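What follows is a set of notes on a single structure, which appears directly below.
Just so you know, all these numbers are worked out from the coordinates, no wet-lab data involved. Note that the structure is predicted; figures quoted are calculated from it, not measured. Neighbour counts run over all protein chains shown; Cβ positions are idealised from the backbone, glycine included.
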Amino acid sequence: MVTLVILAAALTAAWQVDLVRQNAQILWLTITGQAWKLQGKVTQYTVASTSLQQSRTVYVYTPPDYATSTSTRYPVLYMLHGAPGLPTDWLRYGRAPEVVERLVIERRFPESIIVCPDGQGIGRLGDSEYLDAPSQQNDSEHPPGPGSLVAQFIWQDLPAWVDSHFRTIPNPAHRILAGVSTGGYGAVNLALQHPDVFGAGLSYSGYFQADVHGWARPVWGGNYLDTRVRAESPTQYVDQPRPKWKHEFIYVGDGLDERPPYPQQAAAFVKKLQAAHIDYATQRSPGKHSWDLWRGLLKDSLIKYEAARHPGK
């Protein structure tokens, strides 16, 4: 227990140091006039979720011509933050709209809507693991409380809301789910569980064995079963080819300087993807668990996704 507390404290400190560095970078880019001038528009919304029994903040980026090209429909890129994390992380630190706009100019990725939801849950420091957390009693007599069913919010409520409020291409071939760290785990796990919703799961420094310790412990309730852990662990349930994954694309990216268990789990999971004949791409880039790494992986993943979906384009 003491070891877990020390590890959690170390991870929190490293996260805070990285945010200080990222904010310093943003300030420098602004002062020197090098900051990217966003062409599209980012808007904050409040989305009522039946699954969560509460409302959540969601940020939506729309491309530059969204307001004028009224007959055009767009693919959607859903971006999950890590734990701890906020829905603004992908906008401020990941600079996802900038990455996409640059790729559009280079004709390497299509104009897209970007959706950044609040994925916080009942775990410590807001951790949700992007799972449906049971009640603490973990039985059918005590239904989950408000803020518990985060997975259902991400794969069910959120796409339904986005498709009803924006001109999307409403099918899995035009929905990507991506995330960093815990969000990377959530993106791959939910994309594989719901291929009828998301056609791709992109992970940046994610893990693929369900985490039941530390910040995540409250998410699992009082008495969880090993079968539940297996059902939420891609390295365990991806064991053979399945028809539902025929059109799925998975991206596994991490840093050369990552701490365990990220590189080890990534390598093991790639072998499972190969055995299951799931279309995938990988990348190991210089860097550690940081937004400096993840911005590059986002760009690489979108290029490789587009190449896989439209070979020879």
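Quick notes on this structure:
- Kyte-Doolittle mean at least -0.5, axial Cα span of 27 Å or more - DSSP H helices of the chain: 2-31
- Peptide packing for 119-126, 269-276, 224-231 was compared via the average number of neighbouring C-beta atoms within 10 Å per residue; ordered from the highest value, the list is 119-126, 269-276, 224-231.
- The range 38-309 - percent relative contact order, Cα under 8 Å, separation 6 or more: 18 percent
- Lysines with Cα under 26 Å of residue 246, excluding same-chain neighbours fewer than 8 positions away: 271, 272, 299, 304, 313
- Mean-position separation - Cα centroids, the range 75-129 and the range 230-250, in angstrom: 24 Å
- Residue-count net charge about residue 249 - beta-carbon cut-off 14 Å; Lys, Arg +1, Asp, Glu -1: +1
- Packing, as the average of other Cβ atoms within 10 Å across residues, places the peptides 290-301, 241-252 in the order 290-301, 241-252, highest first.
- Placing a label point 7 Å from the Cα of residue 69 along the Cα-to-Cβ direction, the residues of the range 104-133 whose backbone N falls under 14 Å from that point are 104-114.
- Extended-chain gain in nm, criterion 0.36 nm per residue less alpha-carbon gap, residue 223 and residue 42: 61.0 nm
- Antiparallel DSSP beta bridges within the chain, as percent of all bridges there, nearest 5: 35 percent
- About the centre of its Cα atoms, the range 186-266 shows a dipole size close to 240 debye [charges on the beta carbon of Lys, Arg (+1) and Asp, Glu (-1) only; nearest 20 debye].
- Residue-count net charge about residue 294 - beta-carbon cut-off 14 Å; Lys, Arg +1, Asp, Glu -1: -1
- Prolate/oblate/rounded call for the range 229-313, Cα gyration tensor, a/c under 1.5 rounded: oblate
- For residue 219, net neighbour charge (Lys/Arg +1, Asp/Glu -1) across residues whose Cβ lies under 15 Å away: -2
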